[in-house]
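Q: Dropping a structure here in structure tokens format, bear with me for questions.
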Amino acid sequence: MYVRINTIYGEKGRTDAAIDYIEGSDRAVVEAAAGNSGLATFVDRDAGLIVAASYWDEPLHSSEAALTKVREGAAAVAGGDLATETYEVAAAVQPAATHPGAPVRVARVQIELARIADAIGFVNDEVLPGLTSHSGLCSAQLLIDRSSGAGLVVTAWRDDAAAEAARAVLDQLRDRAADQAGAKFLRVETYTMIRTSARLGAVQLG
């Protein structure tokens, strides 16, 4: 499975209008496209950032002309710029439904290219079990660009209290990740879920 991350850097005063646009015409077009496995949208209203993450059985399906048009339309409504990233879903768990308003945490990671397999194993063996030990976890994903070593650890939580309780787990694993998996955590971004239809199931790859 692959995911196309579209980030709109818009004007704060136009954030809600852009969200309405995405959740209206955009979502219907994306979810109806061949090979689509759902769409997740989340927002940082304080920064004017909107993220639309669409999931696909192969990367080419996410680049169709109709999908490009709706992304550009959303950016225009937001009065901002659009940045696009494509990742492989290298590991994932989805123990519970993620409801609108749920906190989303996106940890950006840089992985040594020669140690990507080590990083995936570390996430499967250490990170995901540590996170799923918290009852408030809705989903967790490791997204990787194998050509650059860039990665994202994306988690969604029942509420802010659950997200904060799990922070200690990630803090404990951060130093070990560098030694055991060649993975350096760069920063954590905080968002609020608007809506998701992503069908992650359970993914474990080598």
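Q: Give me a count of the residues in the stretch 17-29 that are surrounded by 23 or more Cβ atoms within 10 Å (Cβ to Cβ) and modelled with pLDDT of 90 or more.
A: Pass one, the stretch 17-29, residues surrounded by 23 or more Cβ atoms within 10 Å (Cβ to Cβ): 18-19, 22, 26.
Narrowing the set further to residues that are modelled with pLDDT of 90 or more leaves 18-19, 22.
The number of residues fulfilling the criteria is 3.
Q: Considering each residue of the stretch 150-194, count those that are surrounded by 13 or more Cβ atoms within 10 Å (Cβ to Cβ), assigned to a strand (DSSP E or B) and among the charged types (D, E, K, R), and give that number.
A: Number of matching residues: 2.
Q: A follow-up question, please. How do the pairs read when you match residues in the stretch 48-62 that are among the charged types (D, E, K, R) with residues anywhere that are at pLDDT 85 or above, using Cβ under 8 Å and keeping only pairs 6 or more apart or on different chains?
A: ASP57/MET1; ASP57/TYR2; ASP57/GLY35; ASP57/SER37; GLU58/TYR2; GLU58/GLY35
Q: Please state which one of SER133, SER139 is of a type in the set (Gly, Ala, Ser) and within 20 Å of ILE50 (Cα to Cα). Spell out the reasoning first.
A: Details: SER133 fails: within 20 Å of ILE50 (Cα to Cα).
Answer to the selection: SER139.
Q: Report yes if ARG14 is surrounded by fewer than 23 Cβ atoms within 10 Å (Cβ to Cβ) and touching a helix residue (DSSP H, G or I) at 6+ places or on another chain (Cβ under 8 Å), otherwise no. Let's see the steps before the verdict.
A: Numbers: surrounded by fewer than 23 Cβ atoms within 10 Å (Cβ to Cβ): yes; touching a helix residue (DSSP H, G or I) at 6+ places or on another chain (Cβ under 8 Å): yes.
Judged against the criteria, ARG14 is a match.
Q: On the basis of being of a type in the set (Val, Ile, Thr), within 27 Å of ALA161 (Cα to Cα) and touching a residue at least 60 places away in the same chain (Cβ under 8 Å), does VAL77 make the cut? Full working, then the answer.
A: Working: of a type in the set (Val, Ile, Thr): yes; within 27 Å of ALA161 (Cα to Cα): no; touching a residue at least 60 places away in the same chain (Cβ under 8 Å): yes.
For VAL77, the condition - of a type in the set (Val, Ile, Thr), within 27 Å of ALA161 (Cα to Cα) and touching a residue at least 60 places away in the same chain (Cβ under 8 Å) - is not met.
Q: Are there any pairs with C-beta distances below 7 angstrom linking a residue in the stretch 168-179 that is closer than 17 Å to LEU142 by Cα to a residue that is of a type in the set (A, V, I, L, M) and in a helix (DSSP H, G or I), with the two at least 6 apart or on different chains, and if so which?
A: VAL169/LEU131; LEU173/VAL127
Q: Another question, then. Taking the criterion of being of a type in the set (Val, Ile, Thr) and modelled with pLDDT under 90, would at least one residue in the stretch 130-137 satisfy it?
A: Among the residues of the stretch 130-137, at least one is of a type in the set (Val, Ile, Thr) and modelled with pLDDT under 90, which makes the answer yes.
The values are calculated or read from the model by the stated rules, or taken from the named source; none is laboratory data. Note that the structure is a prediction, hence the values are computed from the model and not measured. Note that each Cβ is placed from the backbone with ideal geometry, even for glycine, and that neighbours are counted across all protein chains shown.
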